[in-house]
1. Name the lysines eligible as straight-distance cross-link partners of B:Lys279: C-alpha to C-alpha under 17 Å, and not fewer than 8 places from it in the same chain.
2. Please work through chain B and write down the cysteines that have no neighbouring cysteine Cβ at a distance under 4.7 Å.
3. What does the structure give for A:87-98 when I average, per residue, the other chain Cβ atoms found within 10 Å of the residue Cβ?
4. Suppose R0 equals 51 Å. What FRET efficiency, 1/(1 + (r/R0)^6) with r the Cβ-Cβ distance, do B:Phe7 and B:Glu507 give to the nearest 0.05?
5. Before anything else, pin down the relative contact order of chain B: Cα pairs under 8 Å, at least 6 apart, normalised by residue count, whole percent.
6. With θ taken as phi - 60° and the coefficients 6.51, -1.76 and 1.60, list the Karplus ³J(HN,Hα) couplings across the range B:79-89 in order, rounded to whole Hz; mark glycine and proline as x.
7. Beyond 16 Å, what share of the Cα-Cα pairs of the range B:305-397 remains, rounded to the nearest whole percent?
8. Suppose we take every Cα in the range B:142-289 and form the convex hull; what volume per residue is that in Å³?
Amino acid sequence: MTSPLQRKLKISGPTVITANRLADGAVVWLANDGRWAETLTRANVVTTSEEALRLLDIAHGDEREAVGAYPAAVALAKDGTPQPATLREKIRSSGPTIAFQATA
Amino acid sequence: MYIHDEFDRTFLKERVAEFRDQVARRLSGELTEEEFKMLRLMNGVYLQLHAYMLRVCIPYGTLASKQLRALARVARRYDKGYGHFTTRQNIQFNWIKLAELPDAMAELAEVGIHGIQTSGNCIRNTTTDAFAGAAPDEIEDPRLYAEVIRQWSTLHPEFTYLPRKFKIAISAATHDRAAIRVHDVGLRLHKKDGRTGFEVMVGGGLGRTPYIGQTIREFLPKEDLLTYLEAILRTYNLGGRRDNIYKARIKILVHDLGAEAFGKLVEEEWAKIKDGALKLDEAGLAAIRAHFHTPDLPALPEKPAVLADALKDPAFARWHAQSVTAHKVPGHAIVTLSLKPVGGPPGDCTADQMDAIADLADAYSHGEVRVAHEQNLVFPHVRQQDLPALWGKLEALGVATPNVGLVTDIISCPGLDYCALANTRSIPIAQQITERFADPERIADIGLLHVNISGCINACGHHHVGHIGILGVEKKDQEFFQITLGGKGNAKARLGELIGPAIPETEVVDVVERLVDTYLSLRTGPGETFIAAVERLGVEPFKDSAYAPR
């Protein structure tokens, strides 16, 4: 029987940990060196729930740098580079799909 | 406009200093995110997809030119050079850094504006008619009462932690231009037996469970406004659900109890407090009225020669037909500035535009600008003889698109391009529609048509009350959109009817065009508007055309 205290995180493929940087809200990803990176390509990609939980613990323990950390599924390019797997994450990664100051 | 006194100025300065300290403590790690989140929200600071968003309150949608210039400065110095006007007469800045927020707020406080109570489960900015004080069909300027409510509700200790947010709107005109029936409380100022008072509606709202507000009191004497609101809020605060965020708005309580039973509870509470300290008297109202600077407009000739000449120009005539509204003082006009250019995000305004609009407000509208809930701006007091010159300047600024009230005057939420809650994008749909319907003659022929778009069920784009409503839903990471027809947010408010299954993003503009073409083919004549045709025919013929095999 599973203890109610045991945390669960189910992932079904390559996953990264993402958050918003505290100082300016910019989108960041947890990198291999344990720091927050500004590009998804530098993110630490994990494939098991245990690894994802471990990274999430690191992220949640670092609320002075980044907030609201969560696991996000990614797709891997042929060279193994992570790409956003959903429209939401594409927009977070690349910015709004509309031009700024269109009324100028 | 309302002129703040020393009390307001001191309060705002102290509030900025307090927030500056809170930000410093958060950045140093002294405050956790959990501790800080509530504090930032109480100052209108959200964390969205890409950055912090600051929502700035524009009380009852009235801006002095110097306040608009301050918004421009904030957009330029602390954001990316633009802001987004919302359906609640506020403005949002999408790219502000946390560390710079106190400085931005300090600049706004210098001109008496702020983000307090633009978020959180409290009483939000009371909205009203963007034409208030200028419209010929109003019985009294409703902003006086909106200001009374602002003073009462700001930091109200009992109502700072309500079950959910609370929105009040007031209309004092025959035509409801404030969508009062889809607010938690809607107030309609009217006269009865020579006295002024309010029809009080409660439980309206959109979101995932939309309801039209129901009248619980046909006539409330104006001096009882605050005591009655206090009774409503207290009844809601005690009875509203706190166990389920989706069932916590007052509309759910009113629906569950029934409007009559809810009204009875309010009346019982009111009986205890109606003659208390909150009862308004004429001296108190006069003191607040004295803080409003209202221009003394002389009556001038109607349709002066310069205007009559300009109306011979079809382009000017098209703009005049859509953007110029009658004023209560002869020889004057109300001018709506369209923030819906072809291909542009609805409601966006650049810092340069804000500065230029502020200059034009000084030159042509007694330094006053309004924010309309349709996400446009308004010059409330323009001399008719100045309209041709003003039009040229507004055109040069890109805010004279002749589409006010037409199919491209779209209300749209920010959608997934900015919002952390959204399921789909909204703005690109709006842009595509404005591009498809770019021809000004075509949209003038189509006539009055409100298209409202929301990127999720929270309905910030008011899709339920659009003549055509468009709601984004996500299916397996693909954007789909539900279409509703027949909604309206005016005095005869009605929720739109869903016409069928959601359609892919790529088909939305085609479907909107088919709905419009169906209307054009079935209308009795140009005098029958889209919404009138839907009401006469029902949604079936529109549904058939929207889903016809291609």
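We did not get these values from a lab; they are worked out from the coordinates using the rules stated. Not measured: the values here are computed from a predicted model. Using ideal geometry, Cβ is built from the backbone for each residue, glycine included, and neighbour counts are taken over all protein chains shown.
1. Here the lysines satisfying the reach criterion relative to B:Lys279 are B:Lys222.
2. For chain B, the answer is B:Cys57, B:Cys122, B:Cys349, B:Cys419, B:Cys456, because their Cβ atoms have no other cysteine Cβ under 4.7 Å.
3. Numbers: counts 8, 8, 2, 2, 8, 4, 1, 1, 5, 12, 6, 13.
For peptide A:87-98, the averaged partner shielding equals 6.
4. Values: r = 55 Å, r/R0 = 1.09.
Calculated transfer efficiency: 0.40.
5. Numbers: 1202 pairs, mean separation 69.7, N = 550.
Relative contact order for chain B comes out at 13 percent.
6. After applying 6.51 cos²θ - 1.76 cosθ + 1.60, I find 10, 9, x, 7, x, 10, 7, 10, 6, 10, 6 Hz.
7. Working: 2234 of 4278 pairs.
Value for the range B:305-397: 52 percent of Cα pairs lie more than 16 Å apart.
8. Details: hull volume 16.3 nm³, N = 148.
Dividing the Cα hull volume of the range B:142-289 by its residue count gives 110 Å³.
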